[in-house]
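The values are calculated or read from the model by the stated rules, or taken from the named source; none is laboratory data. From a predicted model like this one, the values you see are computed outputs, not experimental measurements. For neighbour counting, all protein chains shown are included, and Cβ atoms are generated from backbone atoms with ideal geometry for every residue, glycine included. Note: accessible area is taken over every heavy atom of the protein model, side chains too, but ligands, DNA and RNA are not part of it. Shrake-Rupley method; radii C 1.70, N 1.55, O 1.52, S 1.80 Å.
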Amino acid sequence: MAPTHSQSASARIVALLCWIAVVLDGFDLVVLGALIPPLTSGETPWMTPAEATFVSTISLVGMTLGALSVGIATDWLGRRKALIWAVVAFSVLTLGCAFARNYIELGILRFLAGFGLGGCLPTAIAMVTEFSRGRAGKASTTVMTGYHVGAVATALLGLVLLPVFGWRAMFVVGAIPGFVLAPVMFRYLPESPSFLIAKGRTAEAQAIATQFGITLAPPAPAEQKASLGSLFRHPFLRNSIAIWVTSFMGLLLVYGLNTWLPKLMMAAGYGLTGGLWLLLLLNAGAICGLLVAGQVGDRIGLKRAAFLWFLCGAVLLAALSVKMPSAILYPMVFLTGCFVFSAQVLVYAFTAANHPPGVRATALGMSAGVGRVGAITGPLVGGTLVSMGIGHPWGFYVFAIVGFLGALAIATTQVFQQKA
């Protein structure tokens, strides 16, 4: 039965609230990349490149722990409360970053904020997938455009705020919207029906399913209940390993480029303003790529789409190693963002679509959590290459190889027919 207008409107509210949460998540994740050049430049820099690498790494460690623990949090609190608390946590701690007196304090605050940042994304994707009524690819990739909208906003605000108000203003601007969003989510965001069923609250689950026009999945059998161990057993083990490897490669690319692209381009002679514009173009391209990727994934299959996106991204990254005029460089960076950043989101969509509701949040959390190890590795790789003075062009050769490995890993997965 087709959903009513009221049901469709209710489902769109869930998607919108999750999308806004991911926008703020994306802003807070990328803001450090925009701030590293001004904080490490000048005659008396606020911190050195090595200290900046420490701050970016320790914040990603926090995000890794947040992503790995989100399955436990959602099983205990529910997806609704877990997402709201994630938004509150990273907003409060991001505001605290504006008052850091040295790089150690900044690193501690970013580490703690990472727990909320790491848990926000997989929980939002799990929520949107459950309320998507079978359109997992489009739903996941659409909500993930929020991450890159946040990243674009970071670059734009960096161009506007940094010259006038300084770097601390960036953290203040990134924190305030979360204090507005949290009470709105508390009022309008529903709980996950699959969580309610798992807790024996079937009547509540049925009421939400009716309101939002979704079909309740039957209670998960024991082997498919939310637990880490189920991902290491048949039929999920093969996919678990392949997805974790692919996520490692995908997030290495996303975080390596978002953290160090401005500095890489400064090293290539493009200047700070040029580097920020390229960061903006990279994430603007990601938004366009995501809008296309979800529809392509639903049409040809999420596995095939992810393989194609990783492969095209690798080719484009290799091409960026060639010094080129701005008229060619800017479109190339935009196109690279279309494929490189969309590729990882297709992995999340594939993970969500190929795991039943009872284990979906845990699978997404593990995909994001293991992938965060790649997210930690990416900035370390970029920082090492920049410190050695070979960020351009060798950084792009390394990133291209990573993209090829991601394509190979996703190609080894199996496709299961699961309902969102």
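May I ask for log10 I(q)/I(0) of region 83-221 at q = 0.13, 0.18, 0.20 Å⁻¹, from a Debye sum over the Cα atoms as equal point scatterers with solvent left out? For the requested q values the scattering log ratios are -0.70, -1.08, -1.23.
How many percent of Cα pairs in region 37-153 exceed 25 Å?
Numbers: 2150 of 6786 pairs.
Percentage above 25 Å: 32.
For the chain, the longest principal axis of the C-alpha atoms and the axis of helix 357-387 are separated by about 10°. Between Phe248, Phe232, Phe396, the residue with the greatest mean-square fluctuation in the GNM of the chain (Cα pairs under 10 Å linked by springs) is Phe232.
Applying 1/(1 + (r/R0)^6) with R0 = 30 Å to the Cβ-Cβ distance of Phe186 and His234, what FRET efficiency is obtained, to the nearest 0.05?
Computed FRET efficiency for Phe186 and His234: 0.15.
GNM, the chain, Cα, under 10 Å: largest mean-square fluctuation among Met388, Met366, Met332? It is Met388. Based only on Cα atoms, what Rg/Rh ratio does region 375-415 have, Rh being taken as Kirkwood's radius? In region 375-415, Rg relative to Rh is 1.14. Note on the chain: with a GNM built from Cα contacts shorter than 10 Å, the maximum mean-square fluctuation among Leu251, Leu39, Leu24 falls on Leu39.
Using DSSP to call loops (not H, G, I, E or B), can you name the chymotrypsin sites (Phe, Trp or Tyr not before Pro) in region 279-365 whose Cβ has at most 10 other Cβ atoms within 10 angstrom? Provide the component values of the computation, followed by the final result.
Working: sites: Phe307, Trp309, Phe310, Phe334, Phe339, Phe341, Tyr348, Phe350; in loops: none.
Counting only loop positions with at most 10 other Cβ atoms within 10 Å, none of the chymotrypsin sites (Phe, Trp or Tyr not before Pro) in region 279-365 qualifies.
For the chain, with all protein chains in place and a probe radius of 1.4 Å, 70% of the accessible heavy-atom surface sits on carbon or sulfur. Per-residue extension of 0.36 nm, minus the Cα-Cα distance of Ile390 and Ile72, leaves a gain of 110.3 nm for this segment.
Per residue, how much accessible area does the chain show when a 1.4 Å probe rolls over the protein heavy atoms, in square angstrom? Walk me through the intermediate numbers first.
Details: 16080 Å² over 420 residues.
Here the per-residue accessible area is 38 Å².
Quick one: length gained pulling Ala327 to Leu159 fully straight, 0.36 nm per residue minus the C-alpha distance?
On the way: separation 168, 0.36 × 168 = 60.48 nm, distance 2.06 nm.
Contour length minus the Cα-Cα distance gives 58.4 nm.
Pair-distance distribution P(r) for region 298-410, from all Cα-Cα distances in 5 Å bins starting at 0: 2, 12, 18, 21, 19, 13, 8, 5, 2, 1, 0 percent.
In a DSSP loop and with at most 14 other Cβ atoms within 10 Å, the trypsin sites (Lys or Arg not before Pro) in region 321-420 are Lys323, Lys419. With θ taken as phi - 60° and the Karplus curve 6.51 cos²θ - 1.76 cosθ + 1.60 applied, the whole-hertz 3J(HN,Hα) list for region 189-199 is 7, x, 7, 5, x, 5, 5, 4, 5, 4, 8 Hz, x standing for glycine and proline. Put simply, the chain fits an ellipsoid with semi-axes of 34, 24, 18 Å; these come from the alpha carbon gyration tensor as the roots of five times its eigenvalues, largest first.
Pairs of Cα atoms under 8 Å, at least six residues apart: use those to get the relative contact order of the chain, whole percent. Present the calculation step by step, with values, prior to reporting the outcome.
On the way: 833 pairs, mean separation 107.1, N = 420.
Reported relative contact order: 25 percent.
If R₀ is 45 angstrom, what is the calculated FRET efficiency for the pair Thr210 and Glu43, using the beta carbon separation as r and rounding to 0.05?
Working: r = 65 Å, r/R0 = 1.45.
Calculated transfer efficiency: 0.10.
The gain in end-to-end length when the Arg12 to Lys199 segment is fully stretched comes to 64.8 nm, 0.36 nm per residue minus the alpha carbon separation.
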